[in-house]
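Participant: Take a look at the following structure, please.
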Amino acid sequence: MTLVKDSLPASRKTRSAASATTGRRPGRRRENLAGYLFMSPWIAGFLLLTAGPMVASLYFAFTDYNLFNAPKWVGLDNFTKMFHDPRWQKSVEVTAKYVIIGTPLKLLLALGVALLLSQSRRGQAFYRAAFYAPSLIGASVSVGFVWRSLFSDGAIVDRTQSFFGWHVGGWVGNADWVLYCLVALTVWQFGAPMVIFLAGLKQVPRELYEAAEMDGAGPLRKFWSITLPMISPVLFFNVLLETIHSFQIFGSAYVVSNTYCGPADATLVYTCYLYQQGFKNAQMGLASAMAWMLLLAVALVTAVLFWSQKKWVHYEEDAR
């Protein structure tokens, strides 16, 4: 009898817990359904505008497709044709040169201005907004037209350099200098990485600088031994972001060169040649193959950056 009496409360508790769980299930299902309904626009957009086109382009990369006729399977012919195309090789060279020159200059300028703005001074908010503004408008087509006007023959840049005895004409029409016109445009848009650097600099403890000053460390020593290691995660983030962004340059090169990506293919960046093949020459299969090669190249560079960050990026967890 004692065993039966002792078991009754446990069985009742089990039934009550089961009934409570059963009662909560419809509520959880309604919550999950509401969540999926709110996510459905994003899911639909991702499937229709991102995942779907990516899968389709992967298939088109192995076909002969001109946007008008049905795609015909050709295997690796698009990749073979691409690798043996001199203009494709030129686009890879121009893009690599743009990334190697433009990205470091942009980050150096952003870090330098961030170091200046990290010090307390009057009008600091105005300077931050003023330096950040080009990042908001730099990618617009109108800025590309303005930039082309500034660097054309007889424009302000040409007259200024002629005043100092440097007669090279407008950069836009000079095959040796037009790429540096694009580099100057991307460096001018240093505001976004500057703000990120500024946020990282604000997180460096002041006590470290005070201790270094007591040990007799100068400004360069403090920057090299304290500032740079402490903001190395932020530096890695900016390097990664700006490198990927540089590989994707299109609008500025297309507008500044007046849609020709010239002169003499001097501004034939990879995405510009991809656009020409896909929409001007109607070789969408070849353009899809080029797009996937760009994706693989960016993925490879990203993997190398993540591998190298183990040697020069210092996280707070590593110091513990």
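The values are calculated or read from the model by the stated rules, or taken from the named source; none is laboratory data. Please read these numbers as outputs of a predicted model, since none were measured by experiment. With ideal geometry, Cβ positions are generated from the backbone for all residues, glycine too; neighbour counts draw on all protein chains shown. For accessibility, only protein heavy atoms count, side chains too; no ligands or nucleic acids. Shrake-Rupley method; radii C 1.70, N 1.55, O 1.52, S 1.80 Å.
Participant: Specify the residue that is farthest from V143 (Cα to Cα); the eligible residues are those in the range 154-184 that are of a type in the set (G, A, S) and touching a residue at least 40 places away in the same chain (Cβ under 8 Å).
Facilitator: So, considering only residues that are of a type in the set (G, A, S) and touching a residue at least 40 places away in the same chain (Cβ under 8 Å), the one farthest from V143 (Cα to Cα) is A175.
Participant: Further question: How many of the residues making up the range 61-99 are over 30 Å from T243 (Cβ atoms), open to solvent by 40 Å² or more (accessible area, probe 1.4 Å) and free of Cβ contacts under 8 Å to residues at least 40 places away in the same chain?
Facilitator: 5
Participant: Let me ask something else. For the range 263-312, what are the residues that are outside any helix (DSSP H, G or I) and farther than 25 Å from N66 by Cβ?
Facilitator: Result: P263, A264, A266, T267.
Participant: Within the range 214-221, is even one residue part of a loop (DSSP other than H, G, I, E, B) and either crowded, with 18+ Cβ neighbours inside 10 Å or not small (G, A, S) (or both)?
Facilitator: Among the residues of the range 214-221, at least one is part of a loop (DSSP other than H, G, I, E, B) and either crowded, with 18+ Cβ neighbours inside 10 Å or not small (G, A, S) (or both), which makes the answer yes.
Participant: Would you mind stating whether G173 is on the phi > 0 side of the Ramachandran plot and either open to solvent by 40 Å² or more (accessible area, probe 1.4 Å) or not small (G, A, S) (or both)?
Facilitator: no
Participant: From the set of residues in the range 78-120 that are basic (K, R) and farther than 18 Å from Q189 by Cβ, which is nearest to the chain's Cα centre (by Cα)?
Facilitator: Selected residue: K97.
Participant: Right, L182: open to solvent by 30 Å² or more (accessible area, probe 1.4 Å) and either at pLDDT 90 or above or more than 19 Å from the chain's Cα centre (by Cα) (or both) or not?
Facilitator: No: the conditions fail for L182.
Participant: Follow-up. Taking V168, is it open to solvent by less than 60 Å² (accessible area, probe 1.4 Å), under 19 Å from S120 (Cβ atoms) and in a loop (DSSP other than H, G, I, E, B)?
Facilitator: no
Participant: Related question: Kindly provide the set of residues from the range 122-148 that are among the basic types (K, R) and either under 19 Å from I196 (Cα atoms) or in contact with a Gly (Cβ under 7 Å, 6 or more places away or on another chain) (or both), ordered by number.
Facilitator: The one that is among the basic types (K, R) and either under 19 Å from I196 (Cα atoms) or in contact with a Gly (Cβ under 7 Å, 6 or more places away or on another chain) (or both): R128.
Participant: If you check L240 against the conditions, is it closer than 30 Å to L294 by Cα and open to solvent by 10 Å² or more (accessible area, probe 1.4 Å)?
Facilitator: Taking the combined requirement at face value, the residue satisfies it.
Participant: Within the range 53-75, is there a residue that is part of a helix (DSSP H, G or I), modelled with pLDDT under 90, more than 33 Å from the chain's Cα centre (by Cα) and not aromatic (F, W, Y)?
Facilitator: Scanning the range 53-75 turns up no residue that is part of a helix (DSSP H, G or I), modelled with pLDDT under 90, more than 33 Å from the chain's Cα centre (by Cα) and not aromatic (F, W, Y).
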